[in-house]
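Take a look at the structure set out below.
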Amino acid sequence: MRTVLQVPMSMDLRTAAAATADDLGFSSLQEAVRILLKKLAKRQLTVGIEEDAVSLSPAAEKRYLKMTKDFESGKNVYSAKNVDDLMRQLHAS
C-alpha cells in the first residue's frame, strides 16, 4: 500500500532543494525525501548544525595568538578564591 505525502513549501525552497538533491546524486527530490523518511522511521537520522568558519583579520589573529601564549605562560591570568575576590578583581580593572 502506498500513500502520498503533501508538504506545502515555497517554490524557491523546492527549486533549491531539488538542485541540491541533484548535486548530491539523488535521482529526484522525491528520492531524497524517501531516504530521509526511511532514516527517520528507523531512528537513524542525525541532524547537525554547521557554522561557517570565521576568518580573522591578520591583526586579530596576531592578537589572539599573543593571548594564547599569555594564557599558556600564566601571564595576565588571574584567579579568584571566591566570588567576592572575583568581583573585587573585576571592579579593579
Eligible lysines near Lys75 by straight Cα distance, threshold 21 Å, same-chain separation 8 or greater: Lys62, Lys66
Ignoring GluC sites (Glu not before Pro) that are buried or in helix or strand per DSSP, and keeping those with at most 14 other beta carbon atoms within 10 Å, what is the longest stretch of the chain between them? 1-49
Neighbour count of at most 15 Cβ within 10 Å plus DSSP loop: longest trypsin sites (Lys or Arg not before Pro)-free window in the chain: 3-41
Once the dipole of the chain is set up from charges on Cβ (+1 Lys and Arg, -1 Asp and Glu), the residue from the list Ala16, Gly74, Thr46 lying farthest towards its positive end is Thr46
Ranking Ser55, Leu65, Ser28 by how far each Cα lies towards the positive end of the charge dipole of the range 20-93 (+1 on Lys and Arg Cβ, -1 on Asp and Glu Cβ), the top one is Leu65
Which residues in the range 41-55 have a backbone N closer than 20 Å to a point placed 7 Å from the Cα of Thr3 along the Cα-to-Cβ line? 41-45
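Would you work out the charge dipole size for the range 8-60 about its Cα centre, treating the Cβ of every Lys and Arg as +1 and the Cβ of every Asp and Glu as -1, and quote it to the nearest 20 debye?
Roughly 500 debye, rounded to the nearest 20.
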With N set to the residue count of the chain, report its C-alpha Rg divided by 2.2 N^0.38 Å to two decimal places. 2.11
Can you give the net charge of the other residues whose Cβ lies under 12 Å from the Cβ of Lys69, counting K and R as +1 and D and E as -1? +2
How large is the helix-only mean residue ellipticity at 222 nm for the chain, computed as the sum of -39500 (n - 2.57) over DSSP H runs with n ≥ 4, divided by its residue count, in deg cm²/dmol to the nearest 500? -17500 deg cm²/dmol
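Rule-based calculations on the coordinates, nothing more; no lab input. Given the structure is predicted, the values throughout are model-derived calculations rather than measurements. Heads up, the Cβs are rebuilt from the backbone with ideal geometry, glycines too, and the neighbour counts pull from every protein chain shown.
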